[in-house]
1. Reachable lysines from LYS50, Cα under 18 Å, same-chain residues fewer than 8 places away excluded?
2. Amide H to amide H under 5 Å from ALA100: which residues, 5+ apart in sequence or cross-chain, H placed 1.01 Å off N in plane?
3. What is the gain in length, in nm to one decimal, between LEU59 and ASN46 on full extension, counting 0.36 nm per residue of separation less the C-alpha to C-alpha distance?
4. Can you tell me how much longer the chain between LEU73 and ASP95 gets when fully stretched, taken as 0.36 nm per residue apart minus their C-alpha distance, in nm with one decimal?
Amino acid sequence: MLRFLRQIRQRLLTDNKFSKYLLYAIGEILLVVIGIVIALQIDNWNEERKGRIEEQILLRQLKEDYLTNLEQLDSKIATRKLLIRSSKELLTYYDNPDSANRDSVISRLGNLSLTVTYDPIDNDLVASGKINMIQNEKLN
């Protein structure tokens, strides 16, 4: 291809057809520009594809983090319910001391010593700015 183009260029220069040579040169420049534009478009498509893959990875990580947080929250809710139930039973024992036995009071008091803290898994998406990679507005 290059050999063919070189022959055309040399023939136009030797025949002193400068206007045709100029037209040929402009055509060659256009071909180069079109090639560069195509290469840039392919590169942009590739970068966008890589971005979508990274977005999917981030969304999967977010889902795992939120599921883990949900499990931890469910566990904490169950512990809180146990604390409330134990507190109610202790109040019932206080109102009716005859119905209480020592073991159940000690067991209920032991339940009250449970500490319930919620420590969610922190993700660094907001701090790192990767949250902007998520295309869906609702999720973002």
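Bear in mind these aren't lab numbers, they're just calculated from the coordinates by the rules spelled out. Here the structure is a predicted model, which means the values were calculated and not measured.
1. Filter leaves LYS130.
2. Distant-sequence amide H within range of ALA100: zero hits.
3. Values: separation 13, 0.36 × 13 = 4.68 nm, distance 1.99 nm.
Separation in residues times 0.36 nm, less the Cα-Cα distance, equals 2.7 nm.
4. Numbers: separation 22, 0.36 × 22 = 7.92 nm, distance 3.29 nm.
Additional length available on full extension: 4.6 nm.
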